[in-house]
Amino acid sequence: MQHLLEVKDLHTSFFTPNGEVKAVGGVSFNLDKGKVLGIVGESGSGKSVTAYSILQILTPPGRIVSGSVKLSGRELIGLSEDEMRKVRGNKISIIFQDPMTSLNPVFTIGNQLIEAIVLHTDRNHQQAKARAIEMLQLVGINEPEKRIHQYAYELSGGMRQRVMIAMALVCEPDILIADEPTTALDVTIQAQILELMMKLQKTLGMAIIMITHDLGVIANMCDEAIVMYAGRVCERGTAPEIFYNPRHEYTRGLLRSIPSIDSDNKDRLIPIAGTPVDLLNLPAGCPFAPRCERAMKVCLSEFPSEYWVAKDHIASCWVNVLENVGTPLVAVNGQDAAQSSATEAEETKQ
């Protein structure tokens with residue numbers, strides 16, 4: 001079965017005067033038509049850079065070092081800029097974090113929508129205007145005939161975000177990447193925007209990649225979830241598996257830091273101690289080891305392999321080896337990874 005989007009061993013770095021910042025270090029995942037994939041992690045974990053790498057909209061000194069990105073079986077890495085322009089908007093669209101900085105302040109909303117439609121379709125200006133009004137109405141903006149003549153600063157934050165969604169969906173793409181689409185909005189507007197996205201997803205049948213800090217969004221919206229840390233995938237699987245059977249210590253830490261409606265009001269949240277790892281000087285072992293309460297010596301010296309810990313659930317953590325959970329995704333030096341490392345993990349436990 002061919003997946004709609006296949007990302008395999010993607011590596012993206014920023015080459016700075018101080019050295020190479022390995023922002024994305026070997027990310028792999030698949031996305032099928034009509035599915036919603038969530039990518040969650042702290043700031044700096046590589047979520048947005050992964051999205052920008054898929055669309056190839058990285059700015060220097062960032063560039064894709066290696067890996068593969070296939071859309072309906074077609075390799076995107078290595079395509080010319082002209083060829084990628086045909087993919088962006090038509091096949092894959094993106095909603096950026098801050099609509100105020102994404103919308104041009106000197107052009108009206110209608111001007112920017114019409115430009116996108118004319119650029120990516122064969123509609124003339126009049127047809128593009130009608131399509132722009134139709135899209136604004138679709139995303140719940142009242143009086144769309146009036147709004148197309150307004151500028152971004154004349155709209156509220158929620159309205160601007162709806163305009164960004166309309167702009168992303170105007171060419172009916174196969175995939176919508178939503179990069180923190182509700183970051184700058186209040187809770188009520190956040191709920192409206194997320195509800196709107198799910199409604200449009202079901203109406204148009206597109207796939208969504210939802211990038212967020214909010215695990216609640218992942219739980220409510222996503223079919224599958226990826227947890228990223230230091231540019232790498234810690235854990236990936238179905239949303240219920242990630243929430244009810246977390247098998248990476250970083251995922252467990254994220255879940256412990258969320259307030260529970262069932263807990264006593266006096267219960268204190270448990271934050272993840274320490275600070276994110278320096279991407280200029282990544283450790284040889286697990287990048288989360290310096291902050292992990294269950295870290296072992298092997299965690300500091302050797303990067304953990306990926307393990308099938310359940311059906312449709314993969315985790316990359318030495319604790320699974322120690323607890324004899326899961327089956328290795330790959331072999332190490334021709335031997336079973338669990339067999340070759342379980343003894344060492346047990347002996348080096350601290």
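Laboratory data are not the source of any read-out in this text; all were calculated from the coordinates shown. The structure displayed is predicted, hence computed values, not measured ones. Virtual Cβ from ideal backbone geometry, glycine too; neighbours counted across all protein chains shown.
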Taking the simple approach of a point 7 Å from Cα along Cα-to-Cβ for both Val187 and Glu154, what is their distance in nm?
-> 3.3
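Tell me, in nm to one decimal, what length is gained between Asp223 and Ile261 on full extension, where the rule is 0.36 nm per residue of separation less the Cα-Cα distance?
On the way: separation 38, 0.36 × 38 = 13.68 nm, distance 2.33 nm.
Length gained, Asp223 through Ile261: 11.4 nm.
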Among Ser48, Ser93, Ser72, residue whose mean-square fluctuation peaks in a GNM of the chain (springs only between Cα atoms under 10 Å) | Ser72
With x for Gly and Pro, the residue-by-residue ³J(HN,Hα) of the stretch 256-261, computed from phi through the Karplus equation 6.51 cos²θ - 1.76 cosθ + 1.60 at θ = phi - 60° and given in whole Hz, is 5, 8, 9, x, 10, 6
Quote the charge dipole size of the stretch 138-185 about the Cα centre in Debye, to the nearest 20; the model charges only the Cβ of Lys and Arg (+1) and of Asp and Glu (-1).
-> 200
Using the Cα centre as the reference, give the magnitude of the dipole from point charges on the C-beta atoms of the chain (Lys, Arg: +1; Asp, Glu: -1; all else neutral), rounded to the nearest 20 debye.
-> 600
Listed values [x] 27, 54, 14, 4, 1; [y] 29, 50, 20, 1; [z] 28, 55, 16, 1, entry calculated as P(r) over Cα pairs in 20 Å bins from 0, in percent | [z]
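Based on DSSP loop calls and a cut-off of at most 11 other Cβ atoms within 10 Å, the longest stretch of the chain free of exposed trypsin sites (Lys or Arg not before Pro) is what? It would help to have the intermediate numbers written out before the result.
Details: sites that count: Lys266, Arg268, Lys311.
Here the longest segment lacking exposed loop sites spans 1-265.
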J(HN,Hα) series, the stretch 230-244, from Karplus relation 6.51 cos²θ - 1.76 cosθ + 1.60, nearest Hz, glycine and proline x | 6, x, 10, 7, 7, 7, 8, x, 5, 4, x, 5, 5, 7, 9
Hey, in the GNM for the chain with a 10 angstrom Cα cutoff, which one of Gln201, Gln127, Gln137 fluctuates hardest?
-> Gln127
Measure off 7 Å from each Cα along the Cα-to-Cβ vector at Asp312 and Leu329, then give the distance between these two points in nanometres to one decimal.
-> 1.7
Of Ser13, Ser301, Ser53, the most mobile residue in a GNM of the chain (C-alpha springs, cutoff 10 Å) is Ser301
When DSSP beta bridges are limited to those with both residues in the chain, what percentage is antiparallel, rounded to the nearest 5?
-> 65
For Glu42 and Ile77 in one chain, what is 0.36 nm times their gap in residues minus the Cα-Cα distance, to one decimal in nm?
-> 9.9 nm
Rounded to the nearest Å, what's the spacing between the alpha carbon centres of the stretch 102-125 and the stretch 214-264? Just the number, please.
-> 38
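Using just the Cα positions, wrap the stretch 100-172 in a convex hull and report its mean projected area in square nanometres, one decimal place. Intermediate results must be reported in sequence, preceding the final value.
Values: hull surface 16.9 nm².
Over every viewing direction, the Cα hull of the stretch 100-172 projects on average to 4.2 nm².
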Rounded to the nearest 20 debye, dipole of the stretch 1-99 from Cβ charges on Lys, Arg, Asp, Glu | 260
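If you rank Thr275, Thr251, Thr108 by fewest surrounding Cβ atoms within 10 Å, what's the result? Walk me through the numbers before you get to the answer.
Values: Thr275 10, Thr251 25, Thr108 17.
By the 10 Å Cβ count, ascending: Thr275, Thr108, Thr251.
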What list of ³J(HN,Hα) couplings, whole Hz, do you get for the stretch 276-286 from phi and the Karplus terms 6.51, -1.76, 1.60, once you set θ to phi - 60° and write x for glycine and proline?
-> x, 5, 7, 5, 6, 9, 5, x, 5, x, 5
Once you've got the Cα coordinates, tell me which of Lys91/Lys129; Lys199/Lys311; Lys22/Lys199; Lys8/Lys35 are over 27 Å apart.
-> Lys199/Lys311; Lys22/Lys199
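Can you put His248, His11 in order of Cβ neighbours within 10 angstrom, beginning with the fewest?
Least crowded to most crowded, the residues run His11, His248.
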Check Val36: other-chain or 5+ apart residues with amide H under 5 Å from its amide H, H built from backbone geometry?
-> Ile208, Asp223, Glu224
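Multiplying the sequence separation of Arg294 and Arg268 by 0.36 nm and subtracting their Cα-Cα distance, what value in nm do you get? Don't jump to the answer; show the numbers that get you there.
Values: separation 26, 0.36 × 26 = 9.36 nm, distance 2.07 nm.
Working it through step by step, the gained length comes to 7.3 nm.
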